[in-house]
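The values are calculated or read from the model by the stated rules, or taken from the named source; none is laboratory data. No experiment lies behind these values; they were computed from the predicted model shown. In this analysis, Cβ positions are derived from the backbone assuming ideal geometry, glycine residues included, and neighbour counts consider all displayed protein chains. Quick note on the areas: whole protein, heavy atoms, side chains included, nothing else; ligands and nucleic acids left out. Shrake-Rupley method; radii C 1.70, N 1.55, O 1.52, S 1.80 Å.
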Amino acid sequence: MTRHPQLTAPGMRPGAGLLEEGRRMARDWTLGRSLFMEAEGVASEAQYKRREAEAGRIMQHAHIGFRSIDRTVGAMAQLHEAARKRDVRIDRFGITLDWSMGYPPERRKEAGRGTGIVLTGPEDFARITHASPAAAHFGDFMLGLPGALSNTQAAIAAGATSIGNLGQYFTFRLPYWDDDVATTEATVTALGLIAAQEAEILVHSNLDDGFAGLFLDMTSAFGMMLIEKHIVEDLIGARASFCFGHHFSSPLTRAAFHAALAREIDTPGTMLFGNTVAYRGTPAANYASLANYLLADIGALFQAHTGHAVNPVPVTENLRIPDIDEILDAQTFAARLSEHAAGHAALVDRSKIDAIADRLVLGGRRFAETALAGLRERGVDTHDPAALMLAIRRMGAKRMEAFWGQGAEGSGRRTPLVPADWAEELDRMAAEWVARRQPRDGACDLRVVLGTTDVHEHGAYLVGRALEGLGAQVIEAGVALDAEVLVQRACEAQADVIAISTYNGIALGYTRAVMAELKRQGLDMPVLIGGKLNEIPRNSNSDLPADVTPQIRAAGAVPCADLDEMLAALRARPGDGHGARGPDLAP
Ligand code: B12
């Protein structure tokens, strides 16, 4: 993206005032009691985590992704009990809230609805915190978005002591919401409310939801974690609790990141997230991926228990929203693996893990220091949490890494000190695909405008690299774009083709909005769309997203399941008068 918005907003209220307002609210919004607190005799999950870590137990996290409150509450009780009967303990449940909960309450009705659950007030939150004796974790779409304050108030009243997800603040954009000042003010006020509670409440941040899913160098991701810790703990006075894992595919990187984190962070961690990007195949293949990351995580916790729970992601996760039996199987698998894992310690070469951990800590600290100094030089008040957060959000991961990344600068890109697993993998996939297609003359001079409908960027990253490999000119229109903006960018770039990557269950509505906008502008260009081509039908009673590939085709766009289908569509592209050539490739 080429836009360079101002890093400061003079109209924004200072952080100190926002924190004070949050503190005042603590008179009315005090921490309620949950079934977890009663059952375990603790004041907070942090206290529980310290106790269990001390005992050397591997805690387990289960994620629930149903849309209905009744079904969620029922599933939590049923799962906890069924696991107990198998001698498996689920210590915490993560609730996948719907993205519409990110809006302030008055805007939620008119916002579209995604695939998650919607909780409308303290009573709804309390139903969750009383559904089972495990801790309830409210992560996504709470903090970090404009609805942060009402969500946090309700969660606190219901007795939740792990609230997130600060990582989202830095990357997520809700459709048709551009007021980042209001988002920042709501988030900092909510953090003030959390900091003022007597009991210790964990401010959860899933690093992968933030910049860790975007930086090409893991030392930048580690440095960003240190900056978040500084904001939450030093500037706000709350406790920062970190989670990572989606994109950490190499066991060595996972173990090293954990070892480095254990040296720098003493607040208990929420959970180590599953390496979900590795789930590509059938359930049987996914079990291998599950074992691969869990073994690394359990070994890391044996080495230094940071209080994190492990998160065994059900092996059907890439196919559908997992059901109760699938969640139970994954939990059972993890518990058994924990028993086996101790025997693996002797097989592990710690020196390799420690060497990378050293690099992460050193590079991460330097990244954090140079980034804070660089922001100060650009006029940002880095002692004000609100000003600092807004500047980082506006800066974005790519520019931060370009300015302050620690790898040596080369031709256009820095050489990462610890390369990010996800980028290495996608670069390799793109290169292999291009090589397999064996271009006859590489002469594809199409101008392709590429954008995403939501936070998922990796599909677009892969498509971009593959198109460049074919010789196409890729114009990155941006991430989480409204349909009208994407068409506008395509128009400005005089593009030959629009390529869209979408994952958040709005594929059909978005396609229709793009086609309508093209028509309104009198434009006619091919629209390719790939990713997760599904949507929850309006009149559905199953609450599950359905495939919308045929409807996308009927709307006049080209649905692409993979890169081969993209290639076929580009080759079939009708002449457009620009004279640009599609790929001329061997079959
Ligand atoms: C990585 C990931 C994330 C990362 C994204 C990081 C980033 N910056 O990109 C993070 C952690 C941030 C994330 C967040 C969320 N995620 Co997510 N995520 C995934 C995951 C694990 C992988 C997706 C991915 O990047 N794959 C890598 C790409 C390269 O592989 P691929 O998809 O197979 O791509 C191929 C094709 O699709 C095609 N392709 C893709 N795009 C395009 C475009 C064109 C033009 C073409 C031609 C081809 C093409 O090319 C590839 C090669 O064949 C999937 C689950 C899974 N295993 O698929 C869930 C998944 C997509 N996420 C999901 C959800 C629900 C979310 C959240 C809402 C969760 C939450 N509560 O926070 C948020 C999103 C919030 C929002 N605002 O939308 C759901 C979507 C549900 C649905 N639509 O049915 C999934 C399916 C998980 C699940 N089973 O529930 N997620």
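The table that follows gives values for the structure above.
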read-out	value
Boolean, Glu339 is without any contact (Cβ under 8 Å) to a residue 40 or more places away in the chain, open to solvent by 80 Å² or more (accessible area, probe 1.4 Å) and in the same structural domain as Leu216 (by TED's automatic domain parsing)	yes
Meets criteria (open to solvent by 30 Å² or more (accessible area, probe 1.4 Å) and more than 19 Å from the chain's Cα centre (by Cα)) for Asp179	yes
Failed condition for Met224, given (1) closer than 24 Å to Phe141 by Cβ; (2) in contact (Cβ under 8 Å) with a residue 40 or more places away in the chain; (3) touching a helix residue (DSSP H, G or I) at 6+ places or on another chain (Cβ under 7 Å); (4) not in a helix (DSSP H, G or I)	(4)
Verdict on Arg113 being within 15 Å of the ligand (Cβ to nearest atom) and either in contact with a helix residue (DSSP H, G or I) (Cβ under 8 Å, 6 or more places away or on another chain) or among the basic types (Lys, Arg) (or both)	yes
Residue satisfying all of: in the stretch 196-231; open to solvent by 20 Å² or more (accessible area, probe 1.4 Å) and of a type in the set (Asp, Glu); farthest from the ligand (Cβ to nearest atom) among these	Glu198
Residue among Asp234, Asp266 that alone is in the same structural domain as Asn165 (by TED's automatic domain parsing), of a type in the set (Asp, Glu), open to solvent by 10 Å² or more (accessible area, probe 1.4 Å) and in a loop (DSSP other than H, G, I, E, B)	Asp266
Within the stretch 547-575, considering residues that are surrounded by 15 or more Cβ atoms within 10 Å (Cβ to Cβ) and outside any helix (DSSP H, G or I), the one modelled with the lowest pLDDT	Arg573
Condition check for Ala16: touching a residue at least 12 places away in the same chain (Cβ under 8 Å), open to solvent by 20 Å² or more (accessible area, probe 1.4 Å) and not in a loop (DSSP other than H, G, I, E, B)	yes
Long-range neighbours under 6 Å by Cβ, at least six apart or interchain, first residue open to solvent by 20 Å² or more (accessible area, probe 1.4 Å) within the stretch 474-487, second within 13 Å of the ligand (Cβ to nearest atom)	Val474/Val448; Val474/Leu450; Val474/Gly464; Val474/Leu467; Ile475/Val449; Glu476/Leu450; Val479/Thr452; Val479/Glu457
Single match in Tyr293, Tyr287 (criterion: within 16 Å of the ligand (Cβ to nearest atom), modelled with pLDDT of 95 or more and open to solvent by 10 Å² or more (accessible area, probe 1.4 Å))	Tyr287
Check on Gly147, within 12 Å of the ligand (Cβ to nearest atom) and assigned by TED's automatic domain parsing to the domain that holds Leu214	no
Subset of the stretch 478-528 [hydrophobic (A, V, I, L, M, F, W, C), in contact with a Phe, Trp or Tyr (Cβ under 8 Å, 6 or more places away or on another chain) and in a strand (DSSP E or B)]	Ile500
Top-ranked residue in the stretch 519-535 [being within 16 Å of the ligand (Cβ to nearest atom) and more than 21 Å from the chain's Cα centre (by Cα); ranked as farthest from Thr502 (Cα to Cα)]	Met525
Filter result for the condition that a residue is assigned by TED's automatic domain parsing to the domain that holds Leu567, surrounded by fewer than 20 Cβ atoms within 10 Å (Cβ to Cβ) and in contact (Cβ under 8 Å) with a residue 12 or more places away in the chain, over Glu492, Glu425	Glu425
